[in-house]
1. Only one residue in 359, 345 is open to solvent by less than 20 Å² (accessible area, probe 1.4 Å), of a type in the set (S, T, N, Q) and not in a helix (DSSP H, G or I), so which one is that?
2. So which residues in region 18-32 are more than 18 Å from residue 122 (Cβ to Cβ), in contact with a Ser or Thr (Cβ under 8 Å, 6 or more places away or on another chain) and hydrophobic (A, V, I, L, M, F, W, C), if there are any at all?
3. Name the pairs whose Cβ atoms lie under 7 Å apart, with the first residue in region 298-312 and of a type in the set (Ser, Thr, Tyr), the second surrounded by fewer than 16 Cβ atoms within 10 Å (Cβ to Cβ), and 6 or more positions between them or separate chains?
4. Going by the conditions given, is residue 44 open to solvent by less than 20 Å² (accessible area, probe 1.4 Å), over 20 Å from the mean Cα position of the chain (by Cα) and either of a type in the set (A, V, I, L, M, F, W, C) or under 18 Å from residue 355 (Cβ atoms) (or both)?
5. Does residue 314 qualify as being assigned to a loop (DSSP other than H, G, I, E, B), of a type in the set (A, V, I, L, M) and at negative phi?
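The values are calculated or read from the model by the stated rules, or taken from the named source; none is laboratory data. Since we're looking at a predicted model, the values are computed, not measured. Glycine also receives a Cβ, built like all others from the backbone with ideal geometry; neighbour counts cover every protein chain displayed. These area figures cover heavy atoms from the full protein model, side chains too; ligands, DNA and RNA do not enter into them. Shrake-Rupley method; radii C 1.70, N 1.55, O 1.52, S 1.80 Å.
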Amino acid sequence: MSSTSERLVGAVDAGRLRDAKVIGIVATAHFVSHVYIMLLPPIFLLVKDHFGVDYTDIALALTAYNVMSALLQTPAGFLVDRIGARVMLTLGLILSGIAICVSALLPGYWAFLIGYALLGVANTVFHPADYSILSATVDGKRMGKAFSVHTFAGYLGSGVTPAMVIAAVAIWGWNGGFLCAAVLSFAAAILLMVTGGVLPRAPRKTTAAAPASNSKVGLDLLLSGPILRNLLFFFCLAMANGGIQTFAVVSLGAIHGTSAEIANIGLSGFLLFSALGVLLGGIIADRTPHHEWVAAVGFAFTSAMAILLGWVDMPSAILIFVMSLGGLLNGIIQPSRDMMVRAVTPVGSFGKVFGFVSTGFNLGGMVAPLAYAWLMDHGQPRLIYLIVVLFILLALVTCMTRRKPEGAPSWTR
């Protein structure tokens, strides 16, 4: 009996170790992908002056990034399900590094745009590949924590990037700062090639779930009501977070005269505490099926934060505290967001579904930079926060009206 118990304990420990390795590798790739998301905002003004253009022209680079991601992320999800997430993730990291080198080394504004468009192509693989690997490999009892660590790594990448970029730019200029980020991508690709044997080469198939997963696939699945509702949900999140993450520094300066240093500290607080909130949210997501209520509480606090930022001139310490607290509640939402998507996804379709709904981020990313930059160029920075609040409320309505899975796969409803 003791020998049997020891074998069972050993198997459980081996499963946990494997899960930890898988989560660690995927989280590293996600960390790097978020470095690129926040690479430009801290030095918006510097790059704008370098090329002699306005905010809208520089924001066009972010739009090009998101247009390419929006167009190609769903096809990338199908490729993930067909040829395997490991290969796609490795290629995405390599292409990311190449794209950043193009933006940093080739002369002229148009080369900068082309580099960001290539970066958008590379970005298409991360969400479908990451979620496919996690959903196919990690024990279901630890899925909420796995999603939270994955998202935490992304927020951590976003949170450390402003300080990292500013430090690198001070030494090597903005081109050198970009090249430092490219090195991270190539290093992560090498890590994946060396240690990626623990990852599945193709998503696991579960025979028992085959009838349900085969009843509807492809476009029928993606165009079903619950999946489209999640697409809208992700779009709203992108529009809301885009206003805070990309334009908080310049808008706070324009509205309240907040110094760039204080605003950047507040933004770093928002991003870093979002990362901590994600870890707390993962614990919550594993302990409650009511993910929509978790999101509702988080949205209530983040909307209050946006109102304070736009209409209240706060002392520096209070501003940093408010942004950090808002980031914490914003982070708690994220694992519940991912669990809501997983709940309506049939086995074997994680790549295409997460690729499709994540396109909502890119659609928001296409609209948000240009819309908010236009408001900045026309002297209306406070309207940024009004739009942020409106999209937070729409996201709240979207998640509170979703149908809960019960019995048959909910995506067929």
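1. 345
2. Residue satisfying the conditions is 22 alone.
3. 303/393
4. Judged against the criteria, residue 44 is a match.
5. Answer is yes for this residue.
Quick grid of which residues meet (1) under 23 Å from residue 305 (Cα atoms); (2) under 21 Å from the mean Cα position of the chain (by Cα):
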{"residue": "343", "(1), (2)": "no, yes"}
{"residue": "353", "(1), (2)": "no, yes"}
{"residue": "366", "(1), (2)": "no, yes"}
{"residue": "372", "(1), (2)": "yes, yes"}
{"residue": "375", "(1), (2)": "yes, no"}
{"residue": "378", "(1), (2)": "no, no"}
{"residue": "387", "(1), (2)": "yes, yes"}
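Results for (1) at pLDDT 90 or above; (2) under 27 Å from residue 355 (Cβ atoms), shown as yes or no for each residue.
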site: 230; (1), (2): no, yes
site: 243; (1), (2): no, yes
site: 257; (1), (2): yes, no
site: 260; (1), (2): no, no
site: 268; (1), (2): no, no
site: 296; (1), (2): no, yes
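The rows are residues; the columns are (1) in a helix (DSSP H, G or I); (2) among the β-branched types (Val, Ile, Thr); (3) open to solvent by less than 20 Å² (accessible area, probe 1.4 Å); (4) within 27 Å of residue 192 (Cα to Cα).
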| residue | (1), (2), (3), (4) |
| --- | --- |
| 20 | yes, no, no, yes |
| 30 | yes, no, yes, yes |
| 36 | yes, no, yes, yes |
| 39 | no, no, yes, yes |
| 57 | yes, no, no, no |
| 110 | yes, no, no, no |
| 115 | yes, no, yes, yes |
